[in-house]
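A short write-up of the structure that comes next.
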Amino acid sequence: MSQSARYGIPDSRGFFGAYGGQYVPEAIKARLDELSRALDAALEDTSFQRELESLFVHYTGRPSPVFHCANLSERLGGAQIWLKREDLNHLGAHKINNTLGQCLLARRMGKKRVIAETGAGQHGVATAASAALMGLECTICMGEVDIERQHLNVIRMEMLGARVLPATSGQRTLKEAVDEALALWISDPDMFYVLGSAVGPHPYPYMVRRFQSVIGREARAQMLEELGRLPDVCLACVGGGSNAIGLFAGFLDDADVRLVGVEPGGRGTAYGEHAASLCLGEPGVLHGFHSYMIKDANGEAGCVYSISAGLDYPSVGPEHAQLKDQGRAEYVSVTDQEALEAFFALSRHEGVIPALESSHALAQAMKMAPGMSGDKALLVSLSGRGDKDVAQVAEMLREHKIRQPEV
């Protein structure tokens, strides 16, 4: 996509500050403006809100519960680890919160076709299901590498009626899937782009945060009910950052609650070995928005890597960039091996198999807990279940690409 002037965002619509914006051609700005107007009207329409809430309850199965990891907490010593169980949503991840909202909006706007990008496949599955529910034609763009390592989700998308298009350029992962989806969306004015993470030009980051904020609203109320107080720390994995911004949204005004976003540290800090945009990147423009990003020697979007298909994106949602610069949230990274250790620890000690994405956040909680007192509480967004990753992990163990963690 070509880039032109940045169109500012009023503060009342978000908290992007220097980040976010719209770095897009005039023709695309017109479509984004149409989307903004439709979103504003929908969010002010009580019938839209009631229908979405009804779908959350009767289709998604919300509210998702919080769960105390008593066994794991006892083994680690120190703070108590809690999970916000987004893995228990219909289809197994937080993505359905956003796709229901966007597909409902697409139908309200009179659109008949939707397109989406996906990395780990969970957003693709959720979009395909939401489109099927609402009678919309659905196309999903997915990198060839991700199609191979997340083949189960490809089958699910096709069973739900979606057409899956492989992205064959570049690294053939999430960035290229976004490139392909944007190109198809630009070429078809009657198509609605269901963007999966809190990235892209305004109003997408704002819209995704609004639909995903149900995570934080529920978690806040649930922790008050369970503990009689708020958690000391909220943690979530960050690729594009949708589940993290959804959790954080419930606690932004609670100064005593630390917000910790956990990026993929991959195999190390060398270029091309990680996807830690906030920890190791610098500000730049990608896919129509301004945020932190990993750059190559020419200042363009650089090569990234993560064991988890949903985290290997070279930039991050602009709201996370703003939270980082404000000091309201802190961002760290954990390695593939640390994420795998958390993956097996939760599986073996709590009987819950987490997504590799979520395992990054859990790994950071496992690092922090022993150094904190036993009356402290760490709340981790378990953004998805690990069914989709079982074959990948088993193959990597079999081929000795990773070592069996001791947990």
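The values are calculated or read from the model by the stated rules, or taken from the named source; none is laboratory data. The shown structure was predicted, so the numbers you read here are calculated from the model rather than taken from an experiment. Reconstructed Cβ throughout: ideal geometry from the backbone, glycine too, with neighbour counts over all protein chains shown. Heavy atoms of the whole protein, side chains included, go into the accessibility calculation; ligands, DNA and RNA do not. Shrake-Rupley method; radii C 1.70, N 1.55, O 1.52, S 1.80 Å.
Applying the set (1) within 16 Å of the chain's Cα centre (by Cα); (2) at positive phi to MET207 leaves exactly one unmet item: (2).
Here's the yes/no breakdown for (1) within 20 Å of GLY241 (Cβ to Cβ); (2) surrounded by fewer than 22 Cβ atoms within 10 Å (Cβ to Cβ):
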position: GLU74; (1), (2): no, yes
position: LYS84; (1), (2): yes, no
position: ASP87; (1), (2): yes, no
position: HIS90; (1), (2): no, yes
position: LYS95; (1), (2): yes, no
position: THR99; (1), (2): yes, no
position: CYS103; (1), (2): no, no
position: VAL114; (1), (2): no, no
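Residue check: TRP82 meets all listed conditions (1) within 30 Å of LEU378 (Cβ to Cβ); (2) touching a Gly at 6+ places or on another chain (Cβ under 9 Å) but one, namely (2).
Against the test of being surrounded by 15 or more Cβ atoms within 10 Å (Cβ to Cβ), among the small types (Gly, Ala, Ser), under 26 Å from VAL214 (Cβ atoms) and at pLDDT 95 or above, the options GLY386, GLY310 yield a single qualifying residue, GLY386. Of all the criteria given as (1) hydrophobic (A, V, I, L, M, F, W, C); (2) touching a residue at least 60 places away in the same chain (Cβ under 8 Å); (3) within 19 Å of VAL178 (Cα to Cα), the one not satisfied by MET142 is (2).
Given (1) in contact with a strand residue (DSSP E or B) (Cβ under 6 Å, 6 or more places away or on another chain); (2) in a helix (DSSP H, G or I); (3) not polar (S, T, N, Q), identify the lone condition not met by LEU378. Going through the list (1) in contact with a strand residue (DSSP E or B) (Cβ under 6 Å, 6 or more places away or on another chain); (2) in a helix (DSSP H, G or I); (3) not polar (S, T, N, Q), LEU378 breaks only (2).
Cβ-Cβ distances below 7 Å connect the following pairs, each with a first residue in the range 384-400 that is without any contact (Cβ under 8 Å) to a residue 24 or more places away in the chain and part of a helix (DSSP H, G or I), a second residue that is loosely packed, with under 14 Cβ neighbours inside 10 Å and of a type in the set (S, T, N, Q), and a separation of six or more residues or different chains: LEU397/GLN404.
The sole residue among HIS90, HIS123 that is within 17 Å of the chain's Cα centre (by Cα) and in a helix (DSSP H, G or I) is HIS123. For the range 315-337, the condition of being surrounded by fewer than 18 Cβ atoms within 10 Å (Cβ to Cβ), part of a strand (DSSP E or B), under 20 Å from the mean Cα position of the chain (by Cα) and assigned by TED's automatic domain parsing to the domain that holds GLY265 holds for at least one residue. Could you tell me whether the range 197-214 includes any residue that is hydrophobic (A, V, I, L, M, F, W, C), over 30 Å from PRO25 (Cβ atoms) and surrounded by fewer than 19 Cβ atoms within 10 Å (Cβ to Cβ)? Among the residues of the range 197-214, not one is hydrophobic (A, V, I, L, M, F, W, C), over 30 Å from PRO25 (Cβ atoms) and surrounded by fewer than 19 Cβ atoms within 10 Å (Cβ to Cβ), which makes the answer no. So THR139 ticks every box in (1) outside the structural domain of GLY351 (by TED's automatic domain parsing); (2) open to solvent by less than 50 Å² (accessible area, probe 1.4 Å); (3) in contact with a Gly (Cβ under 8 Å, 6 or more places away or on another chain) but one. Which box is left unticked? Of the numbered conditions (1) outside the structural domain of GLY351 (by TED's automatic domain parsing); (2) open to solvent by less than 50 Å² (accessible area, probe 1.4 Å); (3) in contact with a Gly (Cβ under 8 Å, 6 or more places away or on another chain), the odd one out for THR139 is (3).
Do we have ALA42 as assigned to a helix (DSSP H, G or I), in contact with a helix residue (DSSP H, G or I) (Cβ under 8 Å, 6 or more places away or on another chain), open to solvent by 10 Å² or more (accessible area, probe 1.4 Å) and outside the structural domain of LEU247 (by TED's automatic domain parsing) here? Taking the combined requirement at face value, the residue does not satisfy it.
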